[in-house]
Amino acid sequence: MADEPLVLGIETSCDETGVGVVRGTTLLADAIASSVDEHARFGGVVPEVASRAHLEAMVPTIERALKQAGVAASDLDGVAVTAGPGLAGALLVGVSAAKAYAYALGKPLYGVNHLASHICVDQLEHGPLPEPTMALLVSGGHSSLLLAPDITNDVRPMGATIDDAAGEAFDKIARVLDLGFPGGPVIDRLAREGDPKAIAFPRGLTGPRDAAYDFSFSGLKTSVARWIEAKRSAGEEVPVRDVAASFQEAVVDVLTRKAVRACKDEGVDHLMIGGGVAANSRLRALAQERCERAGIRLRVPRPGLCTDNGAMVAALGAEMVARGRAASDWDLSADSSLPVTEPHVPGTGHGHPHDHDHVHEMSKDNLYS
Ligand code: KG4
Ligand code: ZN
């Protein structure tokens, strides 16, 4: 609908330069430039390399997104950007770009939370999020279980990893098996031909005294690495497919078990799963099976919307506009550890985004002349 807010979203918290355009809950464009290949030989994201890549990709990616959406920058109702959490230098590139565009265009700026964006993106695929929604966010940078009564201003942490993120565990095990980076997709593929019951790897934090909703993957990682090492030093061949399947099963068993338990305990009948690891085929299948058994509706966006992207930021920005949330101040800063309890960074409202007359004057005289 034409009266729904049209928002541009910019995401630069890690290695993806994402720019999305959303109208209400409709996705119009999702442009992305990734520096993942530049990090591959290091086996992980190198912050300085990511920042430089964002800087180079920023303007072309914004232009590509606007073109794809078939809208003019002047039609936008706001510019949203990931303010955190993420890599400080990488975030800064996005925040600076968002400020420049918003200011030049005379549009309000919305600094939003990366994690809340991962949840909100599902609106683009499955329509408005039920309130409350339980969300399991699993990626290379995060593993969190969140309760979202209102995605624009009430997101509560239920649990999180106490050591490695789920995706990080996939990446590390892939490295031990010499499978390259990122590890998730290749382990997923090999696991399909392996036996998930071949090796009984440990399920972290599942004892009766353990925190009900927290995760731990470092013990699992060590256990898998030791198992492989033992095979190698005995001169035996490592059954890569069985290791992949058994390791993957240990991860997704714990993730789905805890997510479903949180839903039951809180009386929530919707679970969404987001983040790069949500692309995992076994995670999707097991979550579906366990949710069905528990009478919970499962919502998982398609893989392209699960990994970091600009559309998710635009989706949350549009929701902020639709619900009349306060825009951010022009001195909005990137916050590498922005708490998950802050879906966006509201401004104090003193002397700015809505000061459009001044902005238009400035943009005419200084920027487009
Ligand atoms: O969300 P994302 O693109 O970036 C962040 O880390 O924020 O997620 C990337 C992570 C990587 O650790 C990658 O190995 C993992 O998601 N991943 C997967 C799969 N596809 C990507 N993990 C398991 N199975 C997959 N199919
Ligand atoms: Zn992410």
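The values are calculated or read from the model by the stated rules, or taken from the named source; none is laboratory data. Everything numeric in this text was worked out from a predicted model, so none of it was measured. Here the Cβ is made from the backbone with ideal geometry for all residues, glycine too, and neighbour counts use every protein chain on show. Please note that ligands, DNA and RNA were not included when accessible areas were found on the heavy atoms of the full protein model with its side chains. Shrake-Rupley method; radii C 1.70, N 1.55, O 1.52, S 1.80 Å.
For region 265-274, state whether one or more residues are among the small types (Gly, Ala, Ser), in contact (Cβ under 8 Å) with a residue 12 or more places away in the chain and in the same structural domain as Asp188 (by TED's automatic domain parsing). So far as region 265-274 goes, yes, one or more of its residues are among the small types (Gly, Ala, Ser), in contact (Cβ under 8 Å) with a residue 12 or more places away in the chain and in the same structural domain as Asp188 (by TED's automatic domain parsing). Contact map, region 137-154: residues that are near ligand 1 (Cβ under 8 Å from one of its atoms) paired with residues that are among the charged types (D, E, K, R), Cβ distance under 8 Å, separation 6+ or inter-chain. Pairs shown: Ser139/Asp308; Gly140/Glu168; Gly140/Asp171; Gly141/Glu168.
In region 166-187, of all residues being more than 7 Å from ligand 1 (Cβ to nearest atom) and not in a helix (DSSP H, G or I), the one that is least open to solvent (accessible area, probe 1.4 Å) corresponds to Leu177.
For (1) small (Gly, Ala, Ser); (2) within 16 Å of ligand 2 (Cβ to nearest atom); (3) in the same structural domain as Ile32 (by TED's automatic domain parsing); (4) surrounded by 21 or more Cβ atoms within 10 Å (Cβ to Cβ), each residue gets a yes or a no:
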site: Gly235; (1), (2), (3), (4): yes, no, no, no
site: Ala244; (1), (2), (3), (4): yes, no, no, yes
site: Asp253; (1), (2), (3), (4): no, no, no, no
site: Gly276; (1), (2), (3), (4): yes, yes, no, yes
site: Ser281; (1), (2), (3), (4): yes, no, no, no
site: Ala287; (1), (2), (3), (4): yes, no, no, yes
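Within region 67-100, being over 21 Å from Ser336 (Cβ atoms) and surrounded by fewer than 20 Cβ atoms within 10 Å (Cβ to Cβ) holds for Lys67, Gln68, Gly70, Val71, Ala72, Ala73, Ser74, Asp75, Asp77. Screening Ser218 with (1) over 30 Å from Gly324 (Cα atoms); (2) buried (at least 18 other Cβ atoms within 10 Å of the Cβ); (3) more than 16 Å from ligand 2 (Cβ to nearest atom) gives one miss only, at (2). Specify the residue that is modelled with the highest pLDDT; the eligible residues are those in region 121-149 that are within 16 Å of ligand 2 (Cβ to nearest atom) and open to solvent by 20 Å² or more (accessible area, probe 1.4 Å). That would be Leu124. Among the residues of region 50-61, none is identified as farther than 18 Å from Ala102 by Cα, open to solvent by less than 10 Å² (accessible area, probe 1.4 Å) and among the polar types (S, T, N, Q). Strands (runs of 3 or more DSSP E) fully within region 1-49 that include at least 2 residues being within 13 Å of ligand 1 (Cβ to nearest atom) and crowded, with 20+ Cβ neighbours inside 10 Å: 16-23.
Within region 50-73, if we keep just the residues that are assigned to a helix (DSSP H, G or I) and in contact with a Lys or Arg (Cβ under 9 Å, 6 or more places away or on another chain), the residue that is farthest from Val95 (Cα to Cα) turns out to be Ala69.
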